[in-house]
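Below is one structure, written out as structure tokens; comments come after it.
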Amino acid sequence: MVKSHLIIVPCHAIWKIDQGLEPENFGQSFKQWHLAAFQLEGRDHLSFIMHSLLALDRLLDSTSTSLLLFSGSCTKKEAGPVTEAQSYFLLARKLLNAVTNGFELPLALSSHKDIARYCSRISHKMNCQKLTVDELFAKHVSTEDFALDSLDNLFYSLLRFHEITSSHATQMTIAGFGFKRRRFMELHAAAIDYPANRISYLSYEPQPVYTDIQQHSTYKEELEHQETKNALNLFSVDWYASKDPLSSKKLKRNPFQIYPGYALPYNVTHPIEDDHAFFKSMVENKMPWSVGSQI
């Protein structure tokens, strides 16, 4: 059956891949990830695991027509030339292998109600479909290894989907942080002319450990403030991240100078003076997924 449903996990960090020296490394500790300081307070690493599980659960609802892509490039010099996507892929596969073979997970994961519940759901669905972990990942899961920001996550994953399947995604699901939903649905989808009504968004937020309600409320407000300041406001006036500060951020996230080899339907090589004019001339109704496309 032809695949038509793209499921994306936008990656946010790099798991320190277990090479047999740390068999209990399932990403349950922040020390097992290359994290930025701002990712510690909300225990973001556990949310990364949940994003993978949400995506795998959705994949198993329509396995034959869906492809799951973990999306993210080599963004950390200290991690070496390992992509975020590769690390998520390997961690998810290791986790599911443990679950489906009945091995006990580390307490931080087995006691996490959402992670434990989704591991059980996924294992049950795989049993019903008589799918092994190796079969699932070989046939229905892959990586997109060049994205340097959220726009790339969306755009490059669509191109990677076509590269793998020779078809274009007519439906999309994104599994990520809920506070980033608006930038994907309202800004990025519009910039590449992908119909927002064909996108579903699965949300899982950071989970800071607070007993004080006011602390939690303050944390959430600060998240939304930073998202507005550092993403929504910037992408709303720089749709394609062609100018500073967005372009500079991308350069800093590419320490190994790795660039995609996709056949791009449009290419941005210089700062765009007028995003709306660029969209009208280069993008609107010209993308293979555009509603009015004649391609």
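The values are calculated or read from the model by the stated rules, or taken from the named source; none is laboratory data. This structure is a prediction, so every number in the text was calculated from the model and none was measured. Here the Cβ is made from the backbone with ideal geometry for all residues, glycine too, and neighbour counts use every protein chain on show.
Please go through the stretch 12-28 and give me each residue that is out of contact with any Leu (no Cβ under 7 Å at 6 or more places or on another chain), at pLDDT 95 or above and not in a strand (DSSP E or B), ordered by number. Reasoning before the result, please.
If we filter the stretch 12-28 for residues that are out of contact with any Leu (no Cβ under 7 Å at 6 or more places or on another chain), which is where we start, we get 12, 14, 16, 18-25.
Okay, now just the ones that are also at pLDDT 95 or above, so 12, 14, 16, 25.
Of everything in the stretch 12-28, those that are out of contact with any Leu (no Cβ under 7 Å at 6 or more places or on another chain), at pLDDT 95 or above and not in a strand (DSSP E or B) turn out to be HIS12, LYS16, ASN25.
How do the pairs read when you match residues in the stretch 245-269 that are small (Gly, Ala, Ser) with residues anywhere that are modelled with pLDDT of 95 or more and part of a helix (DSSP H, G or I), using Cβ under 8 Å and keeping only pairs 6 or more apart or on different chains?
ALA263/LEU159
Consider LEU223 carefully, then state whether it is surrounded by 16 or more Cβ atoms within 10 Å (Cβ to Cβ) and aliphatic (A, V, I, L, M).
yes
For the stretch 124-207, which fully contained strands (runs of 3 or more DSSP E) count at least 3 residues that are on the phi < 0 side of the Ramachandran plot and surrounded by fewer than 22 Cβ atoms within 10 Å (Cβ to Cβ)? Working first, answer last.
Working: elements: 141-144, 171-176, 199-203.
Those strands (runs of 3 or more DSSP E) span 199-203.
Report yes if GLY102 is under 19 Å from GLU144 (Cα atoms), out of contact with any Gly (no Cβ under 6 Å at 6 or more places or on another chain) and of a type outside the set (A, V, I, L, M, F, W, C), otherwise no.
No; evaluated as a whole, the condition is false for this residue.
For THR132, state whether it is at pLDDT 95 or above, farther than 30 Å from PRO265 by Cβ and either small (Gly, Ala, Ser) or touching a helix residue (DSSP H, G or I) at 6+ places or on another chain (Cβ under 6 Å) (or both).
no
Among the numbered criteria (1) part of a loop (DSSP other than H, G, I, E, B); (2) of a type outside the set (Ser, Thr, Tyr); (3) in contact with a Cys (Cβ under 8 Å, 6 or more places away or on another chain), which single criterion is violated by ALA85?
Unmet condition: (1).
Specify the residue that is nearest to the chain's Cα centre (by Cα); the eligible residues are those in the stretch 208-224 that are assigned to a loop (DSSP other than H, G, I, E, B) and free of Cβ contacts under 8 Å to residues at least 60 places away in the same chain.
TYR210
Considering only the stretch 261-276, state which residues are out of contact with any helix residue (DSSP H, G or I) (no Cβ under 6 Å at 6 or more places or on another chain) and either of a type in the set (A, V, I, L, M, F, W, C) or under 17 Å from TYR156 (Cα atoms) (or both).
Passing the criteria: GLY261, ALA263, LEU264, PRO265, ASN267, VAL268, THR269.
Tally up the residues in the stretch 232-244 that are surrounded by 12 or more Cβ atoms within 10 Å (Cβ to Cβ) and over 11 Å from HIS188 (Cα atoms), please.
Total satisfying the criteria: 4.
Just to be sure I understand the filter: pairs with C-beta atoms under 6 Å, separated by 6 or more residues or on different chains, first member in the stretch 92-120 and in a helix (DSSP H, G or I) and modelled with pLDDT of 95 or more, second member polar (S, T, N, Q) and surrounded by 11 or more Cβ atoms within 10 Å (Cβ to Cβ). Which pairs pass?
Once the first residue is in a helix (DSSP H, G or I) and modelled with pLDDT of 95 or more and sits in the stretch 92-120, its partners that are polar (S, T, N, Q) and surrounded by 11 or more Cβ atoms within 10 Å (Cβ to Cβ) give ALA92/SER52; VAL99/SER123; THR100/SER123; ALA108/GLN28; LEU109/GLN28; ALA116/SER110.
Here are some conditions: (1) within 20 Å of ARG58 (Cβ to Cβ); (2) of a type in the set (Gly, Ala, Ser); (3) not in a helix (DSSP H, G or I). SER73 meets all but one. Which one does it not meet?
(1)
So, in the stretch 225-244, of the ones that are touching a helix residue (DSSP H, G or I) at 6+ places or on another chain (Cβ under 7 Å) and without any contact (Cβ under 8 Å) to a residue 40 or more places away in the chain, which residue ends up nearest to LYS180 (Cα to Cα)?
Per the criteria, the residue is LEU234.
Quick one: which of SER29, SER52, SER64 is within 19 Å of the chain's Cα centre (by Cα) and either touching a residue at least 40 places away in the same chain (Cβ under 8 Å) or farther than 25 Å from ARG181 by Cβ (or both)?
Details: SER29 fails: within 19 Å of the chain's Cα centre (by Cα); SER64 fails: within 19 Å of the chain's Cα centre (by Cα).
Only one candidate qualifies: SER52.
Determine whether ASP57 is acidic (Asp, Glu), farther than 22 Å from GLY20 by Cα and part of a helix (DSSP H, G or I).
Yes, satisfied.
In the stretch 259-287, what residues are surrounded by 14 or more Cβ atoms within 10 Å (Cβ to Cβ) and either in a loop (DSSP other than H, G, I, E, B) or aliphatic (A, V, I, L, M) (or both)?
PRO260, TYR262, PRO265, TYR266, VAL268, ILE272, MET282, VAL283, GLU284, LYS286, MET287
Looking at the stretch 29-41 only, could you name the residues that are assigned to a loop (DSSP other than H, G, I, E, B) and closer than 22 Å to LEU148 by Cβ?
Within the stretch 29-41, LEU35, ALA36 qualify.
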